[in-house]
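Structure first, commentary second.
The values are calculated or read from the model by the stated rules, or taken from the named source; none is laboratory data. In this text the structure is predicted, and so the values were computed from the model without any measurement. Note that we place each Cβ from the backbone using ideal geometry, even for glycine, and neighbour counts take in every protein chain shown.
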There are 2 protein chains.
Amino acid sequence: MSSRTGDRGRGEEDAPPRPPRRRGGHPERAKATISRVADAAGVSRATVSRVMNGTSTVAPELVARVRAAAEALNYEPSPVARSLALGRTSTVSLIVPDLANPMFQDVLRGLSNAAAEEGHRLLVAESNENAGEEAILAVEARRRSDGLVLASPRVPEEELRSLSERLAPLVLLNRELPGSSVPSLSVDYAAGIKEIVAHLVAFGHRHLVYLSGPEASTSNRDRIAALHAAAVLGPGFTLTELACGATFEDGHQAARAAVATGATAVVAYNDMVAFGAMSGLRELGLDIPGDISITGFDDIPFARYTSPPLTTASIPRNELGRQAWGRLWALMNGGPVAHNVRFQPRLLVRDSTGPVPDRPASGRRRKGSA
Amino acid sequence: MSSRTGDRGRGEEDAPPRPPRRRGGHPERAKATISRVADAAGVSRATVSRVMNGTSTVAPELVARVRAAAEALNYEPSPVARSLALGRTSTVSLIVPDLANPMFQDVLRGLSNAAAEEGHRLLVAESNENAGEEAILAVEARRRSDGLVLASPRVPEEELRSLSERLAPLVLLNRELPGSSVPSLSVDYAAGIKEIVAHLVAFGHRHLVYLSGPEASTSNRDRIAALHAAAVLGPGFTLTELACGATFEDGHQAARAAVATGATAVVAYNDMVAFGAMSGLRELGLDIPGDISITGFDDIPFARYTSPPLTTASIPRNELGRQAWGRLWALMNGGPVAHNVRFQPRLLVRDSTGPVPDRPASGRRRKGSA
DNA sequence: GCTCTGTTAGAAACTGGTTACTCGCCAGCC
DNA sequence: GGCTGGCGAGTAACCAGTTTCTAACAGAGC
């Protein structure tokens with residue numbers, strides 16, 4: 001009485017009954033498939049599918065039989081097969097340059113949470129600040145999912161532009177692609193830097209040193225441009241730029257060189273660099289902000305808990321992730337996509353900045369050999 | 001001259017030539033499929049597949065034709081279709097209770113990096129410390145991938161045990177499943193706590209307050225057990241347990257209550273709680289470690305950069321992720337799986353702990369109204 | 001009672017790949 | 001010269017679902 005659908009046995013008597021090859025490996029549990037359930041319930045695969053998806057109307061009795069069979073076999077539809085048939089994976093991808101950076105960790109979290117609310121999963125990949133790898137990863141990750149978020153991509157503009165079509169639906173974070181229709185969420189780093197500089201200038205600082213971020217970071221270029229713009233404004237204003245990086249260690253190593261510039265205030269690429277520099281400055285016997293002021297960027301959670309708490313510009317990291325999801329979701333549904341947004345950083349004045357010291361902070365003062 | 005394989009057109013003249021329905025939505029780019037490439041190169045799909053995978057030998061001339069066609073069409077095999085056909089996704093999943101916790105962020109990073117080295121991607125999900133959600137997520141995530149890592153799962157033992165078969169290949173972090181064959185990597189929290197207590201006792205502390213972690217955390221239970229074991233050893237030794245949590249805020253809020261216990265040292269569930277508590281204690285006018293000592297657990301990157309730097313127990317977070325991959329990889333390949341490991345935390349004595357103060361640290365001292 | 005219509009569920013095509021079989025062809029050997 | 005062996009490539013089954021098309025059947029209307 002089996003209503004076995006004919007797709008499988010290619011003639012049950014004339015063909016050699018080649019033993020069913022098992023795929024999985026592992027124990028002998030025959031994995032429940034839709035065919036097995038259909039057989040058990042005495043219906044066709046189509047009907048099982050309809051019951052599982054609640055689409056179309058199926059006679060109550062059949063529904064019951066199918067549900068019972070599914071239950072008994074512990075059946076759960078294969079997401080992979082559904083993905084193929086439906087042409088969507090219910091997954092989106094995120095690519096970040098550096099998973100160790102709290103900024104990206106929070107973006108990840110925001111995106112993951114927002115996507116989860118809509119029943120989507122998140123695939124994560126790290127490009128290790130490597131533009132070449134990033135491009136490859138992006139294409140691959142995109143094909144495994146329904147959409148892609150590129151956070152602070154390091155890919156050159158030209159390449160990004162030519163890639164953008166293959167990557168759609170695509171959302172960019174901290175990177176704009178002028179003239180394209182790719183939605184972009186970014187932080188107005190220039191505005192943040194301007195506020196930071198104004199704050200330092202108000203404290204009397206005239207010589208700033210900037211601990212620069214990764215070469216390929218466009219947001220680093222934004223910061224530098226804003227600093228230079230500020231530099232030409234004031235009379236007797238000096239700006240020194242120091243190649244640094246994006247990590248604790250980078251900041252820590254740059255401390256000595258920063259002091260050597262004679263600057264009275266350090267503007268760090270981000271909070272992590274600022275922490276590293278702060279630690280290095282203290283090891284050199286300097287008091288913060290007594291001898292030298294320092295600012296960060298991002299307002300990562302730890303910024304308010306260090307001592308002194310760090311003066312920094314706050315950006316809505318989590319919100320960047322959430323809104324990235326919003327844009328992606330809109331794109332995926334062909335709906336209207338909200339226009340680009342530039343989040344305005346909020347200056348948080350804490351205790352790592354203060355008035356310029358009376359005498360230049362070039363030597364060690366407090367600790368160490370007096 | 002097309003060697004069109006017959007699987008598609010069900011008779012090219014007798015059937016109504018139903019227009020090919022387009023799926024994707026988006027622009028008019030006909031997505032390159034293996035069939036299209038096969039047609040363009042004038043070979044069968046099988047041959048294209050063989051060329052793409054480099055398996056079996058194909059005549060050089062055909063290889064060239066196929067490569068050229070693939071190039072021209074910008075063809076890239078569909079990972080989803082390959083996953084279905086091959087029965088593997090080249091993806092593994094990680095489920096963590098809380099993405100905001102640096103501990104899990106580092107595990108994520110270690111796992112992601114290690115998996116990437118073997119060409120695998122990572123699917124991430126967060127259970128929000130919710131055991132029910134965790135179980136559902138685990139099953140779903142597992143089905144989308146080839147293996148699963150459960151970090152500090154909050155699922156009750158009974159349920160985890162019954163689920164473990166469906167989740168295999170499965171690796172547990174910070175959770176053991178006695179009697180099962182599920183590999184487990186954990187941290188010997190008890191040993192770490194023992195070291196911390198010994199360190200504090202050596203400084204003369206006799207009254208400790210423990211800021212307790214999440215209810216469902218088994219590693220929290222391990223810590224508590226170790227504390228109690230230590231408590232019965234010493235004479236005149238007092239241990240107070242305070243329900244707290246796992247976050248900054250939890251620690252911050254617990255500061256006042258911690259001081260009220262009259263303890264001379266605070267043992268925090270983890271570094272984040274310790275930071276929160278430190279911040280709160282300072283707001284109460286207390287000097288650390290002058291008035292009160294405090295310890296953390298995990299040695300997250302910031303621990304050495306706060307001031308005072310935090311005395312804590314270091315655990316190899318990244319390594320947990322990497323080794324989890326190692327176990328998973330072994331399981332997936334049916335190879336022998338290395339035995340379970342309990343990482344021994346390393347006590348890092350920094351400046352947040354010191355000798356017990358002469359008089360009890362119950363009031364404000366340094367700052368505030370003198 | 002017969003036709004028309006609407007509902008239900010099965011058959012089969014389809015998603016885009018991989019791979020076990022098989023067949024044709026050419027070289028080597030007896 | 002015929003048989004065999006090996007190699008290369010096409011055929012078709014298969015992965016596990018979804019969905020269009022269609023056949024069967026029941027009820028309504030004439």
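No other residue among A:T295, A:T247, A:T240 is surrounded by fewer than 24 Cβ atoms within 10 Å (Cβ to Cβ) and closer than 29 Å to B:D250 by Cα apart from A:T247. B:N130 passes every criterion in (1) more than 27 Å from A:D98 (Cα to Cα); (2) within 16 Å of DNA strand C (Cβ to nearest atom); (3) polar (S, T, N, Q) apart from (2).
Yes/no matrix, rows are residues, columns are (1) more than 23 Å from A:Q323 (Cβ to Cβ); (2) within 11 Å of another protein chain (Cβ to nearest Cβ); (3) modelled with pLDDT of 95 or more:
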site	(1), (2), (3)
A:E158	yes, no, no
A:A168	no, yes, no
A:L177	no, no, no
A:Y189	no, no, yes
A:R206	yes, no, no
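Among the residues making up the range A:339-357, a single one is in a loop (DSSP other than H, G, I, E, B), closer than 20 Å to A:W325 by Cα and touching a strand residue (DSSP E or B) at 6+ places or on another chain (Cβ under 7 Å): A:N340. Of all residues in the range B:314-337, those satisfying the criterion of being more than 14 Å from chain A (Cβ to nearest Cβ) and in contact with a Gly (Cβ under 7 Å, 6 or more places away or on another chain) are B:E319, B:L320.
The helices (runs of 4 or more DSSP H) found entirely in the range A:40-106 that carry 3 or more residues being over 29 Å from the mean Cα position of the chain (by Cα) and not polar (S, T, N, Q) are A:45-53, A:60-73.
Taken over the range B:65-111, the criterion of being closer than 30 Å to A:G87 by Cβ, within 9 Å of chain A (Cβ to nearest Cβ) and charged (D, E, K, R) is satisfied by B:E76 alone.
In the condition set (1) part of a helix (DSSP H, G or I); (2) surrounded by fewer than 20 Cβ atoms within 10 Å (Cβ to Cβ), B:R223 is compliant with all but (2).
Taking the listed residues B:A138, B:A125, B:A151, the one that is touching a Phe, Trp or Tyr at 6+ places or on another chain (Cβ under 7 Å) and at pLDDT 95 or above is B:A151, with no other qualifying. Looking at A:P60, is it within 13 Å of chain B (Cβ to nearest Cβ) and either more than 22 Å from B:P79 (Cβ to Cβ) or within 16 Å of DNA strand C (Cβ to nearest atom) (or both)? No. Residues in the range B:242-251 that are within 12 Å of chain A (Cβ to nearest Cβ) and in a loop (DSSP other than H, G, I, E, B): 1 in all. All of (1) in contact with a Leu (Cβ under 8 Å, 6 or more places away or on another chain); (2) within 16 Å of DNA strand D (Cβ to nearest atom) hold for B:A46 with one exception: (1).
The residue that is surrounded by the fewest Cβ atoms within 10 Å (Cβ to Cβ), counting only those in the range B:116-125 that are at the interface with chain A (Cβ under 10 Å from one of its Cβ atoms) and not in a loop (DSSP other than H, G, I, E, B), is B:A116. Considered as a group, the residues in the range B:290-313 that are more than 13 Å from chain A (Cβ to nearest Cβ) and under 17 Å from the mean Cα position of the chain (by Cα) include one that is nearest to B:I196 (Cα to Cα), and that residue is B:F297.
Of the residues screened, B:L84 is one that is within 13 Å of DNA strand D (Cβ to nearest atom) and at pLDDT 95 or above.
Counting the residues of the range B:30-51 that are more than 6 Å from DNA strand C (Cβ to nearest atom) and within 14 Å of another protein chain (Cβ to nearest Cβ) gives 2.
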